[in-house]
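Everything on this sheet refers to the single structure shown next.
Values in this text are rule-based calculations from the coordinates and carry no lab data. Note that the structure is a prediction, hence the values are computed from the model and not measured. Please note: Cβ atoms are built from the backbone with ideal geometry, for glycine as well, and neighbour counts cover all protein chains shown.
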Amino acid sequence: MATETPTQRLPLSGHRRTRYGDLALRGITGLAAVVLGLLMVALVYEVAREAWPSIQEFGASFLTGTEWNAVTDVYGARDLIWGTLITSLGALLIAVPMSIAIGVFLSELAPRAIRTPVTMLVELLAAIPSVVLGLWGILVMGPFVAQHIEPFIIDHFGWIPFLDGYPSNQGLFMAILVLTIMVVPIVASVSRELFTNVPSDLKQGSLALGATRWEMVRSVMIPQVGGGLVAAVMLGFGRAIGEAIAVTQVIGGSNSRPDSIWGPADTMASRIAAQYAGTATHLQRASLAYLAVLLLAFSLIVNLTAQLIAGRMQRRMRGAA
Amino acid sequence: MEGLATLAAIVAIAVLAIVIISVAKKGLPALNVDLFTQVTSTFGIPGQGGGIKNAIIGTVIMTAIATAISVPLGVLLAIFSSEFAPARLALIIRITLNVLAGVPTIVIGVFVFGLLVVGNGYSAYAAGVALSIVQLPVVARSTEEVLLLVPHSLREAGMALGASRARTVLTVILPTAVGGIVTATIVAVARAAGETAPLLFTTGIFANAVVTDPTKPMASIPLVIFQGSESPSAHDQEVAWAAALVLLVGVLIGSSVGRLLSLRSRRRIEQTR
């Protein structure tokens, strides 16, 4: 992904006059780096500060509380955390196999002429603003899925408890579909890059030994890029967890766990988006900020882990080369 | 197996096509002169408003503010990271930018809300700041990539000719990289124009009139779409579709142009190696 920094730093110039120019430039650009650092610190501090009243009030029981009630001023995030995990993991379940398949297609199977255009089209999917996707999801995809796809699944798979219910054009399933659309371009474009960078002698060697193309993908390419794929999936996971707008448009904003995948629910991010405007009490606003703190922590952990895995993989590939 | 992979790719592109076609189909009928000359209206009161003029102007102004903050900051950051910072510090900066890129935009909205909105009220400045935080990693990472592509020999040649580091950077490196910086800016603008969550917290309530004072909240295209999508009024939904069409066309064109230009400028820089 990123290229290597030059390992040698050229010295600053010799003459006194020109040295001031160098110092000035170094100073100004270094200031930009300081601003970045301050920004990150301020981000964590400010969000935590806004959440403080709620953290003081509920502490860790916020994570296990199930009631979110602005009237009694009691807030608990358990059902929201559950909703976040179900929608994000559900989206990953669909998106990851699909994205890896697309990565294989774009790096191995597609005729060379269409590889770049199709890659660009898949990446264009990521450029669709989430609010547009949500609008489409609630007004177009929702009714269509509710009329044609959900009844089909309920009829054939309704014996699975969680899949039995009434079709609806809002709810967990819709949120999963929308998040899938958002995650696929991320994971697919990274997979494609990873697969394209597998040394061709490894691929050719496997084919020469008699493997079919699918066997070659399965036994050579995927293990070779395994770490990178994990990192890509984690990035997609982070994206899905944090999506507020499109999810809140389609998920139905309920206060408790639904009985089935078709029922309305809510996620942490979507709850913030839904209630930001009409907070009745300070504690409610602080609790929404507490949700933001949790989201920030989740995203930090997921992101840093993904970068760690990717860095380790890059080092290993360089070492092996 | 191979058929499944092809199928997956087809499904992905089909979804893209379906979304674009749906937005076009629903948005085109509502696309008329009124859309661009009238301001937003509440509850679709006939004879009053029914357009998105103030939203378009608001998005343009707020995106401009955001870009004016994020591009200089991002370029300076990239210069520091690629020219002056020791390798470990450059790595930390890159990791930090990647972390920032992964922060959910709704959290950024909450952050700027507490920082700038509490006590001061909604404003386009606050929205601009929030959007610039979203843009910063995009600009900084792309610029750093382009700066690193410039061959080291150019820097050494500058030094050998007696130019200072500053002069080399400003008169040799940057001009070579300027194409990449421009495309990074285009992609950043497309990104900021489509963000909704930061706007909820910084300019969430706006007047149904054209506002050009950045200390006041302004209407924005994403919020018009968001509010229209949740509204039971068919008129509001119509306006939302039309706004979505305008936004989608702008964002997709911006992203595609940015992507294509970046490929071309990258090829050109590599030819100087």
With the crude spin-label approximation of a point 7 Å out along Cα→Cβ, what separation in nm comes out for A:Ser200 versus A:Val71?
7.0 nm
Kindly identify chain A as rounded, prolate or oblate by the Cα gyration tensor criterion: order the square roots of the eigenvalues as a ≥ b ≥ c, call it rounded if a/c is under 1.5, otherwise compare a/b with b/c, prolate if a/b is larger, else oblate.
oblate
Round to a whole angstrom and tell me the spacing of the C-alpha centers of segment B:167-188 and segment B:7-41.
34 Å
For segment B:31-271, what is the relative contact order in percent, using Cα pairs closer than 8 Å and at least 6 residues apart in sequence?
28 percent
Subtracting the Cα-Cα distance from 0.36 nm times the residue separation, let me have the gained length for A:Met120 to A:Thr279 in nm, one decimal.
53.0 nm
Just flag the chymotrypsin sites (Phe, Trp or Tyr not before Pro) in segment B:25-105 sitting in loop per DSSP whose Cβ has no more than 16 other Cβ atoms within 10 Å.
B:Phe43
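Hey, got the dipole for segment A:61-320? About the Cα centre, +1 on K and R Cβ, -1 on D and E Cβ, debye to the nearest 20?
Computed charge dipole of segment A:61-320: roughly 1040 debye.
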Enter the angle in degrees (range 0 to 90, nearest 10) between the Cα long axis of helix B:87-102 and the first principal axis of the Cα atoms of chain B, meaning the one along which they spread out most.
10 degrees
Longest principal axis of chain B (C-alpha) makes with the long axis of helix B:234-271 (C-alpha) an angle, in degrees to the nearest 10, of 10 degrees
Work out which helices of chain A, taken as complete DSSP H runs, extend at least 20 Å along their axis over the Cα atoms and score a mean Kyte-Doolittle of 0.5 or more, then list them.
A:16-58, A:78-104, A:112-127, A:172-196, A:222-242, A:282-320
Spelling it out for A:Val74: with amide H atoms placed in the peptide plane at 1.01 Å from N, the residues 5 or more places away or on another chain with amide H under 5 Å from its amide H are A:Asn69
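Output the relative contact order of segment A:61-320, whole-number percent, from Cα pairs under 8 angstrom with separation of 6+ residues.
27 percent
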Three-way shape label, segment B:79-160, alpha-carbon gyration tensor, a/c 1.5:
prolate
Once the Cβ-Cβ distance between A:Ile160 and B:Leu154 is put in as r, and R0 is 41 Å, what FRET efficiency do you end up with, to the nearest 0.05?
0.05
Describe numerically, in nm with one decimal, the distance between label points set 7 Å from Cα along Cα→Cβ at B:Ile205 and at B:Leu170.
4.8 nm
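Percent relative contact order of segment A:138-196, based on C-alpha pairs within less than 8 angstrom and at least six residues apart?
Over segment A:138-196, the number comes to 33 percent.
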